[in-house]
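Any read-out appearing in this document is the output of simple, stated calculations on the displayed coordinates, not a laboratory observation. Bear in mind the structure is a predicted one, so any value in this text is a computation, not a measurement. Cβ placement follows ideal geometry from the backbone for every residue including glycine, while neighbour counts extend to all protein chains displayed.
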Amino acid sequence: MSHHDIHILRMNYLRGPNIWTYRPAVEALIDIGALEDCPSHTLPGFNERLLAWLPGLVEHHCGVGYRGGFVERLCDGTWPGHIMEHVALELQTQAGMPLGFGKARSTEQRGVYKVVIRTQQEEVGRQALHSARDLVMAAIRDEAFDVTACVQRLKALIDTHALGPSTASIVAAAAQRRVPAIRLTSGNLVQLGYGAKQRRIWTAETDRTSAIAESISRDKDLTKRLLAACGVPVPEGQVVTSASQAWEVAQEVGLPVAVKPSDANHGRGVSLDLKTQAAVEAAYTLADSEGSEVMVERFIPGQEHRLLMVGGKLVAAARGEQAFITGDGVHTVMALIERDLNTDPRRGEEEEFPLDTIRLPENALVMLELQRQGLTQDSVPDAGRQVLVQRTGVMTHDITDEVHPEVAEMAALATRVVGLDIAGVDLVACDISKPLHAQGGAIVEINAGPGLLMHLKPAVGQPRPVGEAIVEHLLGPSDDGRIPVVGITGGEHTAATAMLLGWLLHRAGRHTGVACQNGTFLHMQRLPTGRTSEWEAGQRMLMNRSVHTVVLENSARTILDTGLAYDRCRVGVVTGVPAPAGLEDHHILTQEQMRNVLRTQVDVVLPDGCAVLNADDPICLGLAELCDGDVIHYSQHDQTTGVWHDNGQRMVCVHQQQVVLRQEQTITSVLDLQHPMISSLLQHHAPLPAVLAAVAAALALDVALPLVRAGMETAALVFPSV
C-alpha cells in the first residue's frame with residue numbers, strides 16, 4: 001500500500017515560556033492525511049523497522065510514565081504525529097542534545113496535529129522534526145534510511161550554532177540557580193540576569209575581566225617580568241628575534257630550554273626540552289610562524305599543570321600527560337597515531353572534545369617532535385620503541401585535591417599581579433602537592449579566557465563544578481540576577497494598564513522600561529525603535545543595563561507565535577479572558593483554549609511574586625489556583641461587604657467613589673475617583689479597569705500608597721493630549 005507524505009504545514013520557534021513548556025521549543029503543525037486511518041499497529045513491519053533504527057526509543061516513558069512506555073503505545077497503536085515527536089527527541093539525544101519534553105495534540109481538523117519538542121537550538125529542533133518526518137515515512141514505506149548520516153547532520157548543526165561547552169556549562173549552572181540568560185549573539189556572548197542586575201560572559205571571560213589584564217597575559221615576556229618582580233617563580237629567559245639569537249640565549253640560560261611564541265595559547269608553537277642547536281633553531285622557526293615574538297627560556301623539568309582560578313580562588317586543577325605511541329615494527333608513525341591516539345574518544349575536531357585529533361603533516365609541533373627523534377610520519381618504529389608524539393596541551397587528570405595550599409596561593413598571587421578575575425595558570429612541577437620553590441617549579445603562563453572542558457570532563461578523576469564557581473563569582477551566593485518584571489496580557493486595556501503602571505513606578509523613583517502597543521519607553525520617554533515585535537521589544541528592555549523594573553505587554557498571538565520574552569516574572573497581570581478572535585491559524589477557537597493561552601502569564605509568576613487578576617471575569621478569576629505566588633484581585637464593583645477569600649488575598653475595588661484596598665476585614669482608601677485629575681484621567685485617557693489593574697500591580701511591587709495616589713493623580717501626563 002502506498003502512503004502519501006506527512007506534510008509540515010508550519011513551524012514556530014517558541015523562544016520563551018509558552019502554552020507547552022517554560023523552555024524554548026519548536027512547534028510544528030502537520031497534516032498526516034490518510035494516515036489518520038493507519039495507527040502504528042496496522043502498518044506491517046513499521047514498529048520493527050522503527051525500533052531497529054532507533055533502539056533508544058525503549059527508554060522513552062511517554063505518558064505511561066515508565067521505561068518502555070512509548071514502545072507499549074506503538075504496539076497498541078498510535079499515530080504518526082505522536083511518533084514524530086518521539087523520533088525527533090531521540091534524534092536530538094543521539095546528536096548529544098538530550099531533552100525529554102514533547103507533545104503531540106490533534107486539532108479540530110481531521111488529520112492535522114500540533115507536534116512540539118523542546119530544543120536548545122532552533123536550527124537543531126527544526127531539522128530534527130524534518131528528519132523525524134522523513135524517518136517515519138521511510139519506516140512506513142519500508143524504504144532505506146541512513147540514521148547515522150541524519151544524526152551527523154544534527155551534530156554539525158549543534159557544532160555550528162550551539163553554545164560552546166565552556167559557555168554552556170556556565171549557562172547551565174546559572175539555570176540551576178534560576179538565573180535567566182539571554183544569548184546576545186550567535187556566538188558565546190551571553191547575558192546572565194536582567195536589566196541593571198545583569199552580568200555578561202564570553203566563554204570564560206566576564207564583564208569583570210580587565211582588557212589591560214588580558215593584554216598583559218598575552219604578552220608572555222611582560223607577564224613573566226611582572227610575576228618575577230612580585231616573587232612568583234618563573235623560568236629565566238628573554239625575547240629573541242632570530243634563530244641564531246635563540247641559540248645564543250639558550251646557551252646563556254642553560255640547556256635544556258623551551259621556545260614559544262610570546263602570545264602563545266593552547267600550547268601552539270611551544271617546544272620543550274630542547275638540547276641542541278638544530279632543535280632550538282627549528283623550534284624558533286615554528287614559534288615565529290605562530291606569534292609576534294619568540295621567547296627562549298629555561299626548561300623546567302616536571303609535569304605540566306593547569307590551575308583554574310576564579311575570583312582569586314582555586315576551583316579546579318588538571319595535570320597533563322604526554323602522548324606516546326609504541327612501535328610494532330609493522331605500522332608507520334602515522335598509522336600508529338591513527339590507531340592508538342586518534343581513536344581515543346576524548347579526541348575530536350569539535351570544541352566539545354578535550355583533546356584535538358592529531359593530523360600529520362599539518363601539526364608542525366608533532367612533526368618537529370618526530371624529527372628530534374629521527375623519525376618522519378612514514379617511519380616504522382621498531383617493535384617496543386616508545387615514540388613521544390606530543391608534550392603539551394594534553395590536560396587529562398583532575399588533581400584539584402592534591403594541590404598544595406602554597407601552590408594555590410602562589411597561583412592566586414599570579415592572577416592578582418596580572419589582574420585577571422578568571423585565569424588558567426600553567427605551571428610545571430614534579431609534585432603539585434609540594435611548594436614550588438622547594439622543588440624548582442615555576443609558573444610558565446597565565447591565560448585569560450581559559451577552556452573549562454578539561455575540568456568538566458577529565459579523563460581521570462572527578463569533574464569539577466567550574467560553571468557554578470563562575471556564576472557565584474559574578475552574582476554572589478544567593479543573587480539570581482533578576483529585576484522585577486511585570487507581564488500584562490488579557491482582553492482589553494492591557495496597553496493602558498502598562499502605561500499607567502510604568503508611570504506609577506517612574507514617579508516612585510524606579511528606573512523603568514515599558515514595552516506595549518503604545519511604543520517602547522525608557523524612564524517613560526518614548527524610544528525611536530521603529531517596528532518591533534512584542535518579543536523583540538521585551539528583550540531590548542531586559543538587555544538594558546539602566547532599567548531596574550520592566551513592564552511588558554503580551555498579546556495572545558505573541559504567546560502563540562514566539563512565547564514570552566522573559567522566563568519568569570515578579571507580577572503577572574491578566575485583564576480578562578476574551579473569546580478568541582483572529583487566532584484560527586493556531587487553532588484557538590474556544591474560550592477554554594484562550595484560557596490555556598493566557599494562563600501562561602500566571603504560570604510564570606515567581607513563588608515570591610504575585611498574579612493580578614480581574615475578578616469581574618469568572619474565567620480570569622479561576623486562574624488564581626495556578627499561581628505559584630500571591631494573588632491580588634481587582635473589581636469595578638463594591639467588594640467590601642460579604643466574605644471575600646478566607647485566605648487573606650488582597651482585593652482592589654471600588655467603594656463609595658473610592659478605589660480601596662481590602663485585605664480580610666481591613667479597608668484602606670487608595671484613590672478618590674472624584675479628584676479632578678483622576679476624573680479627567682478616566683474620562684479622557686484610561687478606563688477604570690486599567691486604573692484598578694495598575695494600582696493592584698503597583699501594590700504587588702510594594703509601591704507605597706501615597707506614591708500610588710500621587711502618581712495616579714498625574715498619570716494623564718503619560719498619555720498624548722486630547
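When the square roots of the Cα gyration tensor eigenvalues are ordered a ≥ b ≥ c, the ratio a/c for the chain is 1.5 or more and a/b does not exceed b/c, which makes its shape oblate.
Extending 7 Å from Cα along the Cβ direction at Lys457 and again at Arg339 yields two label points whose distance is 2.6 nm. For region 7-161, with the dipole built from +1 on Lys and Arg beta-carbon atoms and -1 on Asp and Glu ones, taken about the Cα centre, which of Asn47, Thr119, Leu154 lies farthest toward the positive end? Selected residue: Thr119. As a proxy for reagent exposure, Cys620, Cys150 were ordered by neighbouring Cβ count within 10 angstrom, fewest first; the result is Cys150, Cys620. The sum of -39500 (n - 2.57) across all DSSP H runs of n ≥ 4, divided by the residue count of the chain, sets its helix-only mean residue ellipticity at 222 nm to -10000 deg cm²/dmol. In a fully extended conformation the segment linking Ile212 and Asp142 would gain 18.9 nm over its present Cα-Cα distance, using 0.36 nm per residue. Mark the label point 7 Å from the Cα of Gln322 along Cα→Cβ and return the residues of region 371-396 whose backbone N is within less than 20 Å of it. Flagged as within label range: 371-377, 379-396.
The lysines whose alpha-carbon is closer than 24 Å to the alpha-carbon of Lys313, local same-chain residues fewer than 8 away aside, are Lys197, Lys220, Lys224, Lys434, Lys457. For the pair Lys275 and Lys434, what calculated FRET efficiency results from E = 1/(1 + (r/R0)^6), where r is the Cβ-Cβ distance and R0 = 22 Å, to the nearest 0.05? E(calc), rounded to 0.05, equals 0.25. Work out the FRET efficiency for Ala196 and Arg416 from their Cβ-Cβ distance, taking R0 = 35 Å, and round it to the nearest 0.05. That gives a FRET efficiency of 0.80.
When only the Cβ of Lys, Arg, Asp and Glu is charged (+1, +1, -1, -1), the dipole of the chain relative to its Cα centre reaches about 1460 debye. A straight Cα-to-Cα reach below 19 Å connects Lys103 with the lysines Lys114, residues fewer than 8 places away in its own chain not being considered. Highest mean first, the peptides 573-585, 460-472 sorted by other C-beta atoms within 10 Å per residue fall in the order 460-472, 573-585. Taking 0.36 nm per residue of separation and subtracting the current Cα-Cα distance, fully stretching the chain between Arg526 and Leu255 would add 90.6 nm.
Counting every C-alpha pair in region 322-363, the share spaced more than 16 angstrom apart comes to 37%.
A full extension of the chain between Ser546 and Cys75 corresponds to an added length of 163.8 nm, given 0.36 nm per residue minus the alpha carbon distance.
Under the criterion of Cα pairs below 8 Å and six or more residues apart, the relative contact order for region 1-158 equals 26 percent. For a label point 7 angstrom out from the Cα of Thr640 toward its Cβ, which stretches of region 667-692 have the backbone nitrogen within less than 12 Å? Flagged as within label range: 667-673.
Here the calculated FRET efficiency for Gln373 and Val330, from their Cβ-Cβ distance with R0 = 22 Å, stands at 0.75, rounded to the nearest 0.05. So what is the relative contact order of region 236-299, in percent, for Cα pairs below 8 Å that sit 6 or more residues apart? Normalised by residue count, the contact order of region 236-299 is 48 percent. Evaluate the relative contact order of the chain (contact order divided by residue number), counting alpha-carbon pairs under 8 angstrom at least 6 apart; express in whole percent. About 11 percent, as a whole number. Annotation: lysines with alpha-carbon distance below 21 angstrom to Lys275 (same-chain offsets under eight excluded): Lys260.
Would you list Tyr113, Tyr634 from fewest to most Cβ contacts within 10 Å? If I rank by nearby Cβ atoms, fewest first, I get Tyr113, Tyr634.
For Val573, the residues whose amide H sits under 5 Å from its own are Gly487, Ile488, Thr489, Val612, ignoring neighbours fewer than 5 places away on the same chain, with H placed 1.01 Å from N. The DSSP beta bridges internal to the chain are antiparallel in roughly 75% of cases.
Charge tally for Val116 (other residues, Cβ to Cβ under 9 Å; Lys, Arg +1; Asp, Glu -1): +2.
Going from the residue with the fewest nearby Cβ atoms within 10 Å to the one with the most, Thr668, Thr206 rank Thr668, Thr206.
Placing pseudo-labels 7 Å out from each Cα toward the beta carbon at Leu682 and Val58 gives an inter-label distance of 7.0 nm.
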